[in-house]
Amino acid sequence: MEEKLFKSVLVPVNESDLSERVINKVEQMALCGILGDICIMTMWDVHNVDYTKLHSPDKEKLLKEQAEQLLKKYTERLKSHGIMVRTILSGGDPADSILKEIQQSKYDLVIMGSRHLNKFQELVSFSVSDRVTRLSSIPVLVVK
């Protein structure tokens with residue numbers, strides 16, 4: 001068996017169209033034999049749940065279900081091409097969750113999307129990809 005250029009890859013996704021492009025790139029790279037183990041990760045953002053409200057458990061459950069469906073969609077798509085993946089579902093701040101996963105596991109590469117923010121928007125909103133790129137201890141491939 002030939003050795004892969006990247007043995008273990010983390011692929012954070014969300015429900016955006018950009019994540020579709022990320023999965024397309026992962027699929028291409030995997031079929032070319034560049035990628036080894038692929039882990040698709042998604043998060044439900046706890047900032048979208050107001051835990052002071054009575055309906056917050058329902059909201060959190062809905063966000064988790066949506067995240068699980070997203071993982072299922074991308075996993076089935078890659079498996080249909082013979083690409084095996086594992087998944088991680090996490091709750092919390094997306095950038096923090098990704099950085100924590102990078103620290104806890106032995107990945108060689110992160111492949112993620114970037115939202116085409118201008119410099120002012122980046123300063124105000126602190127994009128996830130920008131934060132991960134700056135703070136990651138491993139290479140990050142940003143798909144635009």
Subject >> 27 Å Cα-Cα threshold exceeded, pairs from Lys73/Lys106; Lys7/Lys64; Lys4/Lys61; Lys7/Lys79; Lys4/Lys73 >> reply: Lys7/Lys64; Lys4/Lys61
Original post:
Gln28 to Ile138: extension gain in nm, 0.36 nm per residue of separation minus the Cα-Cα distance?
Top reply: 37.5 nm
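Bear in mind that the values in this text are calculations on the coordinates, not laboratory data. Since this is a predicted model, take the numbers as computed values, not measurements.
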